[in-house]
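Working notes for the structure below.
The values are calculated or read from the model by the stated rules, or taken from the named source; none is laboratory data. Since the model is a prediction, treat every value here as computed from it, not as a measurement. Cβ placement follows ideal geometry from the backbone for every residue including glycine, while neighbour counts extend to all protein chains displayed.
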Amino acid sequence: MNSSHPAVHPLAVSQTDVVIAPRVRMKDYQGMPGTLGGLSLRLGQFCFSVAAFSIMLSIDDFSTVTAFCYFVAATVLQCLWSLSLAVIDGYALLVKRSLRNSLVISLFVVGDGVTGTLTFAAACASAGITVLIGNDLRQCDHNHCAKYETATAMAFLSWFMVTPSFLLTYWLLATR
């Protein structure tokens, strides 16, 4: 019969008998910081944000609508963030270093979360105003609806590229 005994008899174990297993690092998945996939995601975010920003600036009266001003500010922030992280990813690839520092990963997660949320909110607000102008007020002939829609689509594409970066970096932080 296998029953437990009320008394515990510890064994003396010397330090030479203890084997400490080496830490196992998580596999580098493409899209994580310091990988070629991460660099391509950052460059895609940057390109789509620059396209959205440029299209919106090509419209002379975009500043009359607050949502479009917010859109421009959010895309500028996304451009700066994505370009700076693309440079860091490119440097990490050139010197063959892994970006596994907890502080750096935490900064990436927070930055991606903030810029992704701002870009998504700006794209949604701009899409709402564009629908209001085009469908509800029927004033597309006086406004630049096609340019507004294109800029909004570029911002959504930029956000679609921020999302995998954020999720993979968050996963990397969570597995530390």
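Please go through segment 134-149 and give me each residue that is modelled with pLDDT of 90 or more and surrounded by fewer than 16 Cβ atoms within 10 Å (Cβ to Cβ), ordered by number.
In the first step, residues of segment 134-149 are kept if they are modelled with pLDDT of 90 or more; the result is 146-149.
A146, K147 - these are the residues of segment 134-149 that are modelled with pLDDT of 90 or more and surrounded by fewer than 16 Cβ atoms within 10 Å (Cβ to Cβ).
Would you tally the residues in segment 86-121 being in contact (Cβ under 8 Å) with a residue 60 or more places away in the chain and surrounded by 18 or more Cβ atoms within 10 Å (Cβ to Cβ)?
Going through segment 86-121, the residues in contact (Cβ under 8 Å) with a residue 60 or more places away in the chain turn out to be 97-100, 102, 104-106, 108-109, 119.
Still in the list and also surrounded by 18 or more Cβ atoms within 10 Å (Cβ to Cβ): 99, 105, 108-109, 119.
The qualifying residues number 5.
I'd like to check something: does segment 53-70 contain any residue that is touching a Leu at 6+ places or on another chain (Cβ under 7 Å) and buried (at least 21 other Cβ atoms within 10 Å of the Cβ)? Write out each step before concluding.
Of segment 53-70, the ones touching a Leu at 6+ places or on another chain (Cβ under 7 Å) are none.
Within segment 53-70 (the criterion being touching a Leu at 6+ places or on another chain (Cβ under 7 Å) and buried (at least 21 other Cβ atoms within 10 Å of the Cβ)), the answer is no, since none of the residues qualifies.
If I filter segment 44-62 for residues that are touching a Gly at 6+ places or on another chain (Cβ under 7 Å), at pLDDT below 95 and more than 12 Å from S158 (Cβ to Cβ), do I get at least one hit? Can you show your working first?
Step one: list which residues in segment 44-62 are touching a Gly at 6+ places or on another chain (Cβ under 7 Å), which gives none.
No - not one qualifying residue is present in segment 44-62.
If A174 satisfies all but one of (1) over 22 Å from V65 (Cα atoms); (2) without any contact (Cβ under 8 Å) to a residue 12 or more places away in the chain; (3) surrounded by 15 or more Cβ atoms within 10 Å (Cβ to Cβ), what's the number of the condition it fails?
(3)
Residue-by-condition table, conditions (1) touching a Pro at 6+ places or on another chain (Cβ under 9 Å); (2) modelled with pLDDT of 95 or more; (3) of a type in the set (V, I, T); (4) closer than 22 Å to D28 by Cα:
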position: C69; (1), (2), (3), (4): no, yes, no, no
position: Q78; (1), (2), (3), (4): no, yes, no, no
position: L99; (1), (2), (3), (4): yes, no, no, yes
position: L103; (1), (2), (3), (4): no, no, no, yes
position: T115; (1), (2), (3), (4): no, yes, yes, no
position: L118; (1), (2), (3), (4): no, yes, no, no
